[in-house]
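Derivation of every value follows stated rules applied to the coordinates shown; laboratory data play no part. From a predicted model like this one, the values you see are computed outputs, not experimental measurements. Note that each Cβ is placed from the backbone with ideal geometry, even for glycine, and that neighbours are counted across all protein chains shown.
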Amino acid sequence: MIFSFVSGPVATNCYLSVDRENRTAFLVDAPMGCLQPIMEKVKTENILLTDIFLTHTHWDHVVDCAPLQRATSAAVWVHPNDAYRLLDPMRHTVWPLPFEIEPVTIFQLLEFDISPEPKINVGIAADGVQSTVRALFTPGHTEGGVCYVDDVERCVFAGDTLFFGSVGRTDLPGGDMATLIESIKNELFALPRDYVVYPGHGPSTSIEHERSSNPFVSDSIL
């Protein structure tokens, strides 16, 4: 079961995917203000948060990452190309912020040099069979953008790569529009059309909808 939360000054989405059978969960992104509602949901569901998957490390997606990691001992996953913002977040906010972001110094690097689609075992399986989340390397919004695919739930957590009717901005450091479009068409659009897309901002959508009507990347664009 997937619970969505919207928090922070730019209405950033984060997602808590709960495996009620094994009493575990993983979180995708950790925006400012999500700590309390996430911890409340973890308590009411009586679950263990085992992993935090970061789609990228722009400040609005990571402000509560360090406090959540400290509260839960969850493993934090990030692409190597985006890790530098976790280590020194205030240096890479692009514009000044009226609050401090705590660095994340302990994290797991996604090893795309070993596998084109790293698979991360999540949770603690009571039946001995762990569920997995696939990571897709989707640069363009940032140098180390990642989307996470849950084939059991038939969905992809797209961060700021793909939105309902739009795509991520590429005018910030590390962004590149041609790379972003290539990532969407080669990686996300290779997924089954019925997969739900959970973006970093705005409403959910589907691969089918974006392939048919997204003005930036739809199949109708030559």
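Brief remarks follow.
- Among 28, 18, the ranking by other beta carbons within 10 Å of each residue's beta carbon, starting with the fewest, stands as 18, 28.
- If the Kirkwood radius is taken over C-alpha pairs of the chain, then at 10 °C and 1.306 mPa s the Stokes-Einstein diffusion coefficient equals 91 µm²/s.
- Signed unit charges on C-beta, dipole axis of the chain, positive-most listed residue 186, 28, 118: 28
- Pairwise label distance in nanometres, residue 6 with residue 106, each label 7 Å out on the Cα-Cβ vector: 3.5 nm
- Furthest towards positive pole of dipole, 159, 146, 173, structure part the chain, Cβ charges: 159
- Summed side-chain charge close to residue 38 - residues other than residue 38 whose Cβ falls under 15 Å, Lys, Arg +1, Asp, Glu -1: -2
- Qualifying chymotrypsin sites (Phe, Trp or Tyr not before Pro) for the range 34-133 [loop in DSSP, other Cβ within 10 Å: at most 13]: 99
- Net charge dipole, the chain: roughly 300 debye, given to the nearest 20, about the Cα centre with Cβ charges of +1 for Lys and Arg and -1 for Asp and Glu.
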